[in-house]
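The values are calculated or read from the model by the stated rules, or taken from the named source; none is laboratory data. Given the structure is predicted, the values throughout are model-derived calculations rather than measurements. Counting neighbours? That spans all protein chains shown, and the Cβs are built from the backbone with ideal geometry, glycine included. The accessibility values were calculated without ligands, DNA or RNA, using every heavy atom of the protein model including side chains. Shrake-Rupley method; radii C 1.70, N 1.55, O 1.52, S 1.80 Å.
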Amino acid sequence: WDADALLALAQEPEMLERASGEKVLTPHAGELARLLGCGAGQVDAAPLESARRAAAQFGAVVVLKGATTVIAHPDGHAALSTGGSPGMATAGSGDVLCGVIAAFLAQGLPAFEAACAGCAAHARAGELAAARRGMAGMISGDILEELPAVLTVSTDGT
């Protein structure tokens, strides 16, 4: 759940209960603030607590996107993703992240593991894109183009 889906969820929270399967929400601070009914400054001041609160409230894994991304499970455990590049703060980068997480979910990973793996792959792809093209002018397609290299496993396991 991202972007407009999060906006719809803020307006009609019960829609999440009607959805089947595991759920992953991928808000930035402003979107999470809307969901929690607080200000973005409050989310920025306490990102781990905010993500945990939302995960518990919505019964979903929450991926709070930022320089340090917080991945929170409804039971309270959480992980941090600190990789990536400042150049990733570009339109569509979150869409790429959602797609990677959705791909891991489709392969049968549980939601928390899919979110963690997706964040790690997305961050590494962003690092590769920045190294190859530079951060200035990075677009989401640059991140997407690096994903195959990040996700490729050689036959010798490396």
Near Leu64, within a Cβ-to-Cβ distance under 11 Å, what is the net charge of the other residues, with Lys and Arg +1 and Asp and Glu -1?
0
How many nm is it between the label spots at Ala79 and Cys38, if each spot is 7 Å from the Cα in line with the beta carbon?
2.4 nm
So between Ala91 and Ala67, what do we pick up on full extension, going 0.36 nm a residue minus the alpha carbon distance?
7.1 nm
Leaving ligands and nucleic acids out of the surface, order Asp95, Asp142 by accessible area at 1.4 Å, largest first.
Asp95, Asp142
Using a simple spin-label model with points 7 Å from Cα along the Cα→Cβ vector, what separation in nm is obtained for Met135 and Ala149?
1.9 nm
Can you check what the net charge comes to around Leu7, using other residues whose Cβ is under 11 Å from the Cβ of Leu7 (Lys, Arg +1; Asp, Glu -1)?
-3
Whether segment 44-118 is rounded, prolate or oblate, judged on the alpha carbon gyration tensor where a/c under 1.5 counts as rounded:
oblate
Per residue, how much accessible area does the chain have with a 1.4 Å probe, in Å²?
50 Å²
Along Cα→Cβ, 7 Å out, is where each label goes; now give me the distance between the ones at Ala56 and Glu14 in nm to one decimal.
2.4 nm
Here the net charge surrounding Val43, from other residues whose Cβ is less than 14 Å away from its Cβ (Lys, Arg +1; Asp, Glu -1), is +1
In order through segment 120-129: 3J(HN,Hα) via Karplus (6.51 cos²θ - 1.76 cosθ + 1.60), integer Hz, x for Gly, Pro:
5, 5, 4, 4, 5, 4, x, 5, 5, 4
Shape call for segment 68-158 from the C-alpha gyration tensor, a ≥ b ≥ c root eigenvalues: rounded (a/c under 1.5), prolate (a/b greater than b/c) or oblate?
oblate
Normalised by the residues of segment 34-100, what does the relative contact order come to in percent, with Cα pairs under 8 Å and at least six apart?
21 percent
Relative contact order of segment 1-79 (C-alpha contacts under 8 Å, at least 6 apart) in percent is 26 percent
